[in-house]
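The values are calculated or read from the model by the stated rules, or taken from the named source; none is laboratory data. Just so you know, these numbers come straight off a predicted model, no measurement behind them. When we count neighbours, we look across all protein chains shown, and the Cβ atoms used for this are built from the backbone with ideal geometry, even at glycine.
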Amino acid sequence: MTALRTDAHGFLISDRFLIQHPAIYKMMTYGDHESPGESGLPIVNWNTWGLAPRGILTWLATQAMGVSRFPWHPDQCQTQTPVEGQKAGALDVLMEHFGSPALIQEGVRQMREIYEHTQAVFRRRNQKTVVLHRSFCDNTHQKDSQGYADRLLSMACAAEFLGHEHFEINTNILTSWCEGAGYGANPISIRVEHPVENVFWGSDLIASKGGRVEQPAVESGEWVIFDPSLRGRLIVPVDGVVKGHKGPEWIPQYERLQQYSRASQRLKTPTQVAEEYLQKQADHLEPILFGTLPIYRHRLLTLSFWQRVILALQIIRGAP
């Protein structure tokens, strides 16, 4: 019996979809090949990471898919406001390109066409699932000063200690993934087998308006996953957490809490502490990235030299 494919390579140039909506194309791609006299958008695009394009595309995607989360279960694009000029620019984009019911429906229709094209390509491949990676770093700010990569690894350790095969994390509605191991500088990657119904678009499926048809319009190797869950929870397999170099002093956060907590907390069993930690951490939204790297001293996660080499080889070979 032939195994069903789960890879994300081997796509053809003919598999690519040409986005007609000018604003959606510029937000979703690098925005190449603008027409003479045509100006760029006053906001950054998806590929350069910004709240403005991600917030607008998330809003359009939820309408196109007919999915709305439960109250009080948003993603970061719905809880944070773009900064400085990006906020004003986002409003300009919304008013100019989506400022009436008819314009909104035009944008929603284009997003639906992008999604349906993606699904048609996977159907032709007779593919049901796809294995993708998403990497994380510690350069994110949390109220408890814990880095996000550190948090994920601590959750994986707690789940493994409890004998669980999976654990849950909060996820945004649209998230970036890749087939390889992600950015080599990020110390933690998660590997998840997604149903193809959750794949919204990918770099191999979006055509460039530039001069060369083979050039990518979206960051090479990127796949964008739509989370349809009402609670915004992603199930991560414990064995799907690719760990970075932790350092000899690193211990899971729930063990640190038990060591330095009040006497009442120390009276709890390790199992109780691990269970409470997992339940609490699952409520944390994925944090917004910042440009600077805060130092978490003993718990900052880094990749060793050989781990970087292995990740580089995986990316080159396209290994899952």
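As for the range 83-97, it holds no residue that is in contact (Cβ under 8 Å) with a residue 24 or more places away in the chain, surrounded by 12 or more Cβ atoms within 10 Å (Cβ to Cβ), under 25 Å from His284 (Cα atoms) and within 16 Å of the chain's Cα centre (by Cα).
Could you say whether any residue in the range 22-31 is in contact (Cβ under 8 Å) with a residue 12 or more places away in the chain, at positive phi and crowded, with 16+ Cβ neighbours inside 10 Å? Yes; the residues of the range 22-31 include at least one that is in contact (Cβ under 8 Å) with a residue 12 or more places away in the chain, at positive phi and crowded, with 16+ Cβ neighbours inside 10 Å. Evaluated against (1) touching a residue at least 40 places away in the same chain (Cβ under 8 Å); (2) surrounded by fewer than 21 Cβ atoms within 10 Å (Cβ to Cβ); (3) outside any loop (DSSP other than H, G, I, E, B), Leu257 falls short on exactly one condition, (1).
Of everything in the range 53-87 that is modelled with pLDDT of 95 or more and among the aliphatic types (A, V, I, L, M), the residue that is farthest from Gln110 (Cα to Cα) is Ile56. Any chance the range 181-188 includes a residue that's in contact with an Asp or Glu (Cβ under 9 Å, 6 or more places away or on another chain) and aromatic (Phe, Trp, Tyr)? No, there is no match, as no residue in the range 181-188 is in contact with an Asp or Glu (Cβ under 9 Å, 6 or more places away or on another chain) and aromatic (Phe, Trp, Tyr).
Taken over the range 191-205, the residue count meeting the criterion of being touching a residue at least 60 places away in the same chain (Cβ under 8 Å) and crowded, with 16+ Cβ neighbours inside 10 Å is 10. Cβ-Cβ contacts under 8 Å between residues 6 or more apart (or on different chains), taken from a first residue in the range 206-223 that is of a type in the set (Lys, Arg) to a second residue that is modelled with pLDDT of 90 or more and not in a loop (DSSP other than H, G, I, E, B), are listed as Lys209/Tyr25.
Return yes or no: is Thr58 under 19 Å from Leu103 (Cα atoms) and in contact with a strand residue (DSSP E or B) (Cβ under 8 Å, 6 or more places away or on another chain)?
Values: under 19 Å from Leu103 (Cα atoms): yes; in contact with a strand residue (DSSP E or B) (Cβ under 8 Å, 6 or more places away or on another chain): yes.
Judged against the criteria, Thr58 is a match.
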